[in-house]
Amino acid sequence: MTAFHSVVLTLPARLDDRAMAAFEGVFSELLDSAATSFQRDDSGDWWIEALFAFTPDVAMIEQMLAPLYQYESITPVPITTSPVEQRDWLAENRAAFPPLHIGRFWVHGRHVTTPRPAASLPLLVEATLAFGSGTHPTTEGCLRAMQMIRRIAPRRVLDLGCGSAILAMAASRLQPSCQTIAADNDPIAVRVAARNRAQNAIAPAKMRLA
């Protein structure tokens, strides 16, 4: 299991989302962090964390952040680094992933033993590295919208930036006669989409990957 290191810093509450996106970009784009996040703490200040799959160079981080500190008229803030506890985060995520009943769709992982509701359309989607498990509001909104407009009966559907391909699979469930294409520029997403397609017994000829 990869050993991760956390880098945390707190920035003034007066910064807006644009400024925070710039700070986040230093970690995700220039310093090659594995993941980043930022949110406000209880006092209103910004709390930003970056995870690295290697031991980060604090001096380099400070050097890369220096232009932003100057642009935003901020005194450089202390940077805290620490190793991340070794845990099987994916297993914990799966265990906490409940089945979702979104309209007619029943989105679930293999760990779910609850019988699916009658007349529901099952979608087996495990929590993995690819986006799209049904829990995010954008995914849920798309699933609901697809059911609202199903009378259009499209012959072809494109799921662009497909992630887990949950939307492409949902289109196949709703419109058995349509041809779907699930496309993503992330090789991991394409592999996850292929696995999900097989797990949901959707024929490759019916749902193409790109």
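The values are calculated or read from the model by the stated rules, or taken from the named source; none is laboratory data. Quick caveat: nothing in here was measured; it's all calculated off a predicted structure. Counting neighbours? That spans all protein chains shown, and the Cβs are built from the backbone with ideal geometry, glycine included. Just the protein is used for accessible areas: all its heavy atoms, side chains included, with ligands, DNA and RNA removed. Shrake-Rupley method; radii C 1.70, N 1.55, O 1.52, S 1.80 Å.
Tabulated data for the structure shown
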quantity	calculated
Options 114, 180: the member that is more than 17 Å from the chain's Cα centre (by Cα), of a type in the set (Ser, Thr, Tyr) and open to solvent by less than 30 Å² (accessible area, probe 1.4 Å)	180
Residue 163 open to solvent by less than 40 Å² (accessible area, probe 1.4 Å), within 24 Å of residue 35 (Cα to Cα), modelled with pLDDT of 90 or more and not charged (D, E, K, R)	yes
Breaking point among (1) under 15 Å from residue 165 (Cβ atoms); (2) out of contact with any Phe, Trp or Tyr (no Cβ under 7 Å at 6 or more places or on another chain), for residue 123	(2)
Residue that is open to solvent by less than 80 Å² (accessible area, probe 1.4 Å), at negative phi and not in a loop (DSSP other than H, G, I, E, B), where the choices are 60, 64	64
Every residue from the range 183-201 that is outside any helix (DSSP H, G or I) and surrounded by 15 or more Cβ atoms within 10 Å (Cβ to Cβ)	183, 184, 186, 200
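Residue-wise test of (1) closer than 17 Å to residue 101 by Cβ; (2) surrounded by fewer than 18 Cβ atoms within 10 Å (Cβ to Cβ); (3) in contact (Cβ under 8 Å) with a residue 40 or more places away in the chain.
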position	(1), (2), (3)
134	yes, no, no
143	yes, no, yes
149	no, yes, no
152	no, yes, no
170	yes, no, yes
